[in-house]
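S.K.: Have a look at this one before I ask anything.
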Amino acid sequence: MEANLIVDSCVDFNEDTENIPRVPFRIIIDEEEIVDENTDIIELIRKMKNSSSQIKTACAPPEDFIKKIKVQANNFIVTISSQLSGSYNSAMVAVETIKEKFPEAFVHIFDSKTAAAGETMITVKVKQLIEKNLKPHEIIEQTEKYIYKLNTLFILDSLDNLAKNGRISNFKATLANIMNIVPIMGEDGEGRIVLKEKVRGKKKAFSRLVDMLAEYNIDFENTVLGITHVNCLEKAEKLRDDIKAKYNFKDIKIFSPAGLSTVYAYDGGIVIAF
């Protein structure tokens with residue numbers, strides 16, 4: 001039976017993901033609603049910087065997921081962490097609706113428990129397993145194991161956007177900027193964002209990010225690392241090269257951001273997953 005892979009638009013872009021059907025988030029800036037499909041990232045960043053208002057995002061309604069589901073296929077859906085968005089719940093409602101009319105339909109939803117590069121790496125994993133013609137239960141089992149082991153870390157170039165959107169106080173953002181403090185953030189294993197470390201200076205922060213990889217139990221020769229960058233390809237390429245110089249990863253992939261990753265990682269942000 002045909003396999004049908006569907007993702008929300010927190011999945012970022014390279015040759016592995018560009019043709020996968022997407023269910024778009026909505027981005028609201030100064031009352032303008034932007035549907036996150038083929039989003040002009042540079043224009044989005046410009047609008048974000050010019051806005052003094054909170055930038056909001058909304059997950060797609062269940063109807064958008066329903067439109068992508070194929071009743072005569074084995075459907076696999078990957079969403080951003082259910083702790084960060086309602087996208088997973090929206091997909092669940094879509095599946096329940098489909099099942100009422102077509103109880104034999106096969107749809108499995110993966111809660112990625114991450115975002116950006118992390119969700120993208122999970123999507124690539126599911127795609128590869130589908131291409132191996134594995135049975136649905138094998139795809140589910142191997143992907144869930146991959147999600148359990150996956151780690152995500154990120155460094156933001158600026159905390160201003162987090163302050164604007166109420167994620168941290170303006171005072172903390174201003175103090176961090178004055179003192180040149182760069183937080184290294186990550187996830188807690190259940191899909192919630194947590195602070196890992198604070199480092200003074202961006203150069204030291206990226207050096208520490210590279211060093212932190214040695215503290216994880218990574219089977220380097222069999223692990224692919226992903227990097228999402230927001231409008232900072234040179235920074236991502238330098239990070240890739242620094243990681244390659246120290247660790248023998250199987251491969252390192254670089255992704256360009258979708259609109260949602262751009263909103264939260266912001267201009268100059270870097271997210272890695274491994």
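S.K.: Restricting attention to the stretch 36-64, and to residues there that are hydrophobic (A, V, I, L, M, F, W, C) and out of contact with any Lys or Arg (no Cβ under 6 Å at 6 or more places or on another chain), which single residue is most open to solvent (accessible area, probe 1.4 Å)?
M.R.: Ranking the candidates gives Ile42 first.
S.K.: Of all the residues that make up the stretch 200-238, how many are among the charged types (D, E, K, R), farther than 15 Å from Ala117 by Cβ and touching a strand residue (DSSP E or B) at 6+ places or on another chain (Cβ under 7 Å)?
M.R.: So the first thing to find is which residues in the stretch 200-238 are among the charged types (D, E, K, R), and the list is 200, 202-204, 208, 211, 215, 219, 221, 234-235, 237-238.
Subsequent filtering for residues that are farther than 15 Å from Ala117 by Cβ retains 200, 202-204, 208, 211, 215, 219, 221, 234, 238.
Then keep just the ones that are touching a strand residue (DSSP E or B) at 6+ places or on another chain (Cβ under 7 Å); that gives 200, 202, 208.
Result for the stretch 200-238: 3.
S.K.: Which of the residues belonging to the stretch 136-156 are in a loop (DSSP other than H, G, I, E, B) and crowded, with 21+ Cβ neighbours inside 10 Å?
M.R.: So in the stretch 136-156, the residues in a loop (DSSP other than H, G, I, E, B) come out as 150-151, 156.
Leu150, Leu156, listed by residue number.
S.K.: Moving on to the next point. What is the residue count in the stretch 180-237 for residues that are open to solvent by less than 40 Å² (accessible area, probe 1.4 Å), more than 30 Å from Asp40 (Cβ to Cβ) and of a type in the set (Val, Ile, Thr)?
M.R.: The total comes to 4.
S.K.: Quick one: in the stretch 178-199, of everything that is part of a loop (DSSP other than H, G, I, E, B) and in contact with a strand residue (DSSP E or B) (Cβ under 9 Å, 6 or more places away or on another chain), which residue is modelled with the lowest pLDDT? Can you show your working first?
M.R.: Going residue by residue through the stretch 178-199, those that are part of a loop (DSSP other than H, G, I, E, B) are 179-180, 188-192.
From what is left, the residues that are in contact with a strand residue (DSSP E or B) (Cβ under 9 Å, 6 or more places away or on another chain) are 179-180, 188, 191.
Details: Met179: 71, Asn180: 81, Asp188: 91, Gly191: 91.
Out of the qualifying residues, it is Met179.
S.K.: Name the residue, out of Ile155, Ile140, that is within 18 Å of Leu5 (Cβ to Cβ), among the aliphatic types (A, V, I, L, M) and modelled with pLDDT of 90 or more.
M.R.: Just a single option satisfies the conditions, and that option is Ile140.
The values are calculated or read from the model by the stated rules, or taken from the named source; none is laboratory data. Only a predicted model underlies this, so the values are computations on that prediction, with no experimental measurement involved. Heads up, the Cβs are rebuilt from the backbone with ideal geometry, glycines too, and the neighbour counts pull from every protein chain shown. With ligands, DNA and RNA removed, areas are computed over all heavy atoms of the protein, side chains included. Shrake-Rupley method; radii C 1.70, N 1.55, O 1.52, S 1.80 Å.
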